[in-house]
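Asks: My questions will all concern the structure given below.
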Amino acid sequence: MPRNTLKRRTQQLYYAYRGYLMEMFRTYDGCVSLTSDTWTSTYREPFVCVTSHWIDDDWLLQKRLICFEAMEEAHNGFNIKSRIVSCYKNFQLVDKLFSISLDNAMANTSAMQFLKEDPSIKLVLNGSLMHLLRDAIAYHDVLTDMYNESRATDGQFITNDHWSLAKIVHDVLETFYNATHIFSYVYEPNIHTVILECIKIICTIKQTSLANPGAAVKRLIDDMKVKWCAYFTEFPPIYAIAAILDPGASRFEILGPVLKKSRPDGLGSSSSSSSSSNIGIREYLTYQFKTEENFHIIQWWKNHSSKFPVLTIITKDIPAILASTIASKFAFSA
């Protein structure tokens, strides 16, 4: 096929599907969440992409790449913000935008601030070291013998204390790895897991520190605490809302104090009793949830929409918010 013909047909397919998406978004009666990221190719060519996420009428989590463009201007916060705004305006998502997720790069932090300050934007809500250690620990006897034989002349031996430290590091990193795996979901909802997984990490760090008062472990754990607290001193309210709307997680004792502290002001007051009852919050929080073997939060709300009709409408858009920008990063490695 001649390259000009291929180019023409590719463009025809692109504009046809773009038109289909625009019409779908126009008639869609829910909200859409976005993730975005920037990337520079090996040829030093910068790009920006924006991925859309929503729950369709069949209660399935959908994602579509709606922007993948060369970004000739500087990768600063204002330009990133301008590209994101231009993208969702092109798809007529101004009145349907629910959230925008960016990673914690300095330029993205600046872009998020510009997005918050823009009056036209009306958001509804403002192989690793662990695996290496795991495999090494499994064969620690053989590795110890091999290493110690090779270092017999200088006396630099591996001891049981070294392996004990390796096991401690592995167990801490495993908690981070599991959370990272969940936060990297693209085709499954994960916003409702953020608080629970972060609490697991905090508990692991604290328990490791208490159980291992040695200097080596203390230095390692203290560094982790500093970095962790720098990122998670404050949680956006949407994380608490999503956790509450997970019928399984909201019953976990570990979440109780966090959810109680994060609940909307006045939820327990008499002035809010009527409104809470009208939308079904009180009925939901006292509902006897039965553990399901293959629990899926979106399907659960779909199946219980008749019992909590108003709350289901409110809940439907929240699982489309993703906990990371992995969906957009996938576009750069596709």
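The values are calculated or read from the model by the stated rules, or taken from the named source; none is laboratory data. Bear in mind the structure is a predicted one, so any value in this text is a computation, not a measurement. FYI the Cβ positions are ideal-geometry reconstructions off the backbone, even for glycines, and counts take in every protein chain you see. Accessible surface areas use protein heavy atoms only, side chains included; no ligands, DNA or RNA. Shrake-Rupley method; radii C 1.70, N 1.55, O 1.52, S 1.80 Å.
Asks: Considering only the range 107-129, state which residues are of a type in the set (A, V, I, L, M) and modelled with pLDDT of 80 or more.
Replies: Scanning the range 107-129 gives ALA107, ALA111, MET112, LEU115.
Asks: Check the range 159-170 and report whether any residue there is under 29 Å from the mean Cα position of the chain (by Cα), under 24 Å from ALA240 (Cα atoms) and either loosely packed, with under 15 Cβ neighbours inside 10 Å or at pLDDT 80 or above (or both).
Replies: No, the range 159-170 contains no residue that is under 29 Å from the mean Cα position of the chain (by Cα), under 24 Å from ALA240 (Cα atoms) and either loosely packed, with under 15 Cβ neighbours inside 10 Å or at pLDDT 80 or above (or both).
Asks: Yes or no: ILE137 under 22 Å from the mean Cα position of the chain (by Cα) and part of a helix (DSSP H, G or I)? Break it down stepwise before answering.
Replies: Working: under 22 Å from the mean Cα position of the chain (by Cα): no; part of a helix (DSSP H, G or I): yes.
No: the conditions fail for ILE137.
Asks: Okay, next question. Conditions first: (1) touching a helix residue (DSSP H, G or I) at 6+ places or on another chain (Cβ under 6 Å); (2) buried (at least 17 other Cβ atoms within 10 Å of the Cβ). PHE183 passes all but one, so which condition is the exception?
Replies: (1)
Asks: Something else: Given the structure, is ILE137 at pLDDT below 85, open to solvent by less than 60 Å² (accessible area, probe 1.4 Å) and in contact with a helix residue (DSSP H, G or I) (Cβ under 9 Å, 6 or more places away or on another chain)?
Replies: So ILE137 passes the test.
Asks: Would you check which residues across the range 285-314 are part of a helix (DSSP H, G or I) and modelled with pLDDT of 85 or more and list them?
Replies: Within the range 285-314, ILE297, ILE298, GLN299, TRP300, TRP301, LYS302, ASN303, PRO309, VAL310, LEU311, THR312, ILE313 meet the criteria.
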